[in-house]
Every structure is written in structure tokens, then in C-alpha cells.
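Undergrad: Sharing a structure with you now.
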Amino acid sequence: MDEKYFPRRLSFPKICDVLIAYLNAGADKGYVGVKDVVERTDVSLHNISRNNNFFRSWGFLEESEEEPGKYTLSREAAEFAYAYRIDPKGEKTRELLRAILSKDEVLVKFIERVRREGLGRDDILIELPRIYGDLRADKVGLNAFLDMIMYAFGLEGKTVGAEKPIREVRKPSAKAAIKPSEIRVELPSANFTININVSSDVSPERLKEYVKAILEALRGGIEGSK
């Protein structure tokens with residue numbers, strides 16, 4: 001089956017759940033029906049059925065020629081499902097999935113391009129349907145496939161969708177907002193000015209008190225000299 005399909009309305013963890021359900025239903029030893037699988041997962045029969053094209057096209061499942069609608073797991077898919085059930089985060093588990101996906105040379109070359117050009121997640125989501133011709137793919141399924149290749153090829157947190165660190169923006173305090181400066185105090189009844197150097201640790205309220213006290217003292221001195 002040369003034509004490739006993407007998942008339909010199914011996340012990557014749910015894809016793995018379905019493969020494990022096939023394994024638990026005995027699909028590693030013979031052909032089983034979807035009804036046997038649905039009893040072993042919380043994914044609906046409809047969702048399993050419409051994703052079988054994806055599973056078949058990427059080499060996870062093989063359909064019976066004598067009994068259409070019954071499927072068996074490929075040897076590699078059965079090994080991956082078993083490993084994922086035991087150790088979902090293990091490197092060996094990722095390696096088994098990578099071996100399945102790497103059979104497609106188009107995907108291998110695309111992964112090389114992603115690493116070389118540092119493509120972002122949105123870029124990849126747009127490129128994948130165009131490359132494989134599956135223009136009916138939905139966003140949930142595309143994200144699931146992207147999560148799958150990130151998991152298998154070790155792209156998590158490196159090239160694809162790596163978030164830039166958020167810079168913390170702090171609001172300057174009232175104290176920090178006041179820079180050392182010089183304030184000119186003019187007395188309308190006098191022919192001189194007073195320059196006051198204000199430190200940055202003086203609050204606006206305290207500054208008002210200082211100026212008021214200076215003005216009162218000056219006015220008192222002027223009135224007393226009359």
C-alpha cells in the first residue's frame with residue numbers, strides 16, 4: 001500500500017492505545033475484527049474503523065484478503081505495542097517505532113529537512129499534507145502524527161515547536177521610578193532660587209514634605225527680617 005494516510009481525529013496516545021488493544025485482542029497471532037478490539041479500549045468503534053487506513057498505510061496493520069474487515073498486527077507493530085505498554089518513555093520503544101516509520105524514505109528525508117532548516121510546528125503541519133497528498137487530514141490527526149514522529153525521531157523540545165523563554169517584565173516601583181535629579185524652588189517674592197538635589201530613594205510624598213518645610217522656613221525668615 002503505497003498511498004499514505006494520516007490519523008483521523010485521534011491523538012498519539014490514543015493511537016498507541018488502539019495498537020495495544022489489537023495486541024490484547026490477539027492480532028499478533030491472527031486476524032481479529034474491530035469489535036474484538038473495541039472491547040479492550042475506550043476508543044469508539046467508529047474511530048478505530050476510520051483510522052485503519054492510517055494503520056495499514058504505515059505498516060502497522062495488514063488486512064485479511066479472505067475476510068475483509070479483519071486485521072493482524074505486523075511483527076514490528078506488535079513489538080512496538082508491547083514495548084509501549086511496558087515502557088512508553090523508553091528509548092527502545094522509540095527505536096521500534098522509528099524502525100516502522102523509517103521504511104518510508106519520504107518521511108526520512110523530511111525529518112532531515114526539519115533538522116536542517118529548523119522548521120517550526122506550524123510549518124510542518126502545513127507541509128505534511130502537501131507532501132503526502134492527504135489534503136483531507138484534520139488538525140487533530142496531523143498533530144497526532146507530528147507528535148508521533150517527534151517521539152520516534154527524538155525531536156521533542158529540540159527543533160519542532162520549541163518555545164522561546166518568556167522574559168519576565170517587572171513593573172518599576174515608585175521608588176525606582178524617581179531618578180536622582182535637581183529641583184528648582186522659586187520664591188515669587190524673592191530675587192533668588194534654591195537648587196535641591198533629590199536622591200532616588202526619596203518618595204514623592206516625602207519630597208513634597210521637604211519642599212513644603214523649606215518654603216515655610218524661608219517665608220518665616222523673610223517675614224521676621226521685615
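The values are calculated or read from the model by the stated rules, or taken from the named source; none is laboratory data. Just so it is clear, the model here is predicted, and its values are computed rather than measured. Positions of Cβ are generated from backbone atoms using ideal geometry, with glycine treated the same way; all protein chains shown enter the neighbour counts.
Undergrad: I'd like to know if region 98-110 contains one or more residues that are in contact with a helix residue (DSSP H, G or I) (Cβ under 7 Å, 6 or more places away or on another chain) and not in a helix (DSSP H, G or I). Step through it out loud before you land on a result.
TA: Of the residues in region 98-110, the ones in contact with a helix residue (DSSP H, G or I) (Cβ under 7 Å, 6 or more places away or on another chain) are 98-102, 106-107, 110.
Still in the list and also not in a helix (DSSP H, G or I): 102.
Yes, region 98-110 contains at least one residue that is in contact with a helix residue (DSSP H, G or I) (Cβ under 7 Å, 6 or more places away or on another chain) and not in a helix (DSSP H, G or I).
Undergrad: Exactly one of these conditions fails for HIS46: (1) closer than 26 Å to MET150 by Cα; (2) under 30 Å from the mean Cα position of the chain (by Cα). Give me its number.
TA: The single condition HIS46 does not satisfy is (1).
Undergrad: What number of residues within region 133-149 satisfy the criterion of being in contact with a Leu (Cβ under 9 Å, 6 or more places away or on another chain) and not in a loop (DSSP other than H, G, I, E, B)? Full working, then the answer.
TA: Here is the first cut: in region 133-149, the residues in contact with a Leu (Cβ under 9 Å, 6 or more places away or on another chain) are 134, 137, 139-146, 148-149.
Still in the list and also not in a loop (DSSP other than H, G, I, E, B): 139-146, 148-149.
Counting residues in region 133-149 that are in contact with a Leu (Cβ under 9 Å, 6 or more places away or on another chain) and not in a loop (DSSP other than H, G, I, E, B) gives 10.
Undergrad: Applying the selection to region 52-93, what residues are free of Cβ contacts under 8 Å to residues at least 60 places away in the same chain, within 29 Å of the chain's Cα centre (by Cα) and not in a helix (DSSP H, G or I)?
TA: Passing the criteria: TRP58, GLY59, PHE60, ASP87, LYS89, GLY90.
Undergrad: If you check ASP42, ASP2, which single one turns out to be charged (D, E, K, R) and in the same structural domain as ASP138 (by TED's automatic domain parsing)?
TA: After ruling out the rest, the residue left standing is ASP42.
Undergrad: In addition: Looking at LYS35, is it over 19 Å from MET148 (Cα atoms), modelled with pLDDT of 95 or more and outside any loop (DSSP other than H, G, I, E, B)?
TA: Answer is yes for this residue.
Undergrad: Of all residues being surrounded by fewer than 16 Cβ atoms within 10 Å (Cβ to Cβ) and among the small types (Gly, Ala, Ser) in region 108-153, which is nearest to the chain's Cα centre (by Cα)? Just the residue, please.
TA: It comes out as GLY120.
Undergrad: For region 88-107, how many residues meet the condition of being under 13 Å from ILE131 (Cα atoms) and surrounded by fewer than 14 Cβ atoms within 10 Å (Cβ to Cβ)?
TA: Matching residues across region 88-107 total 2.
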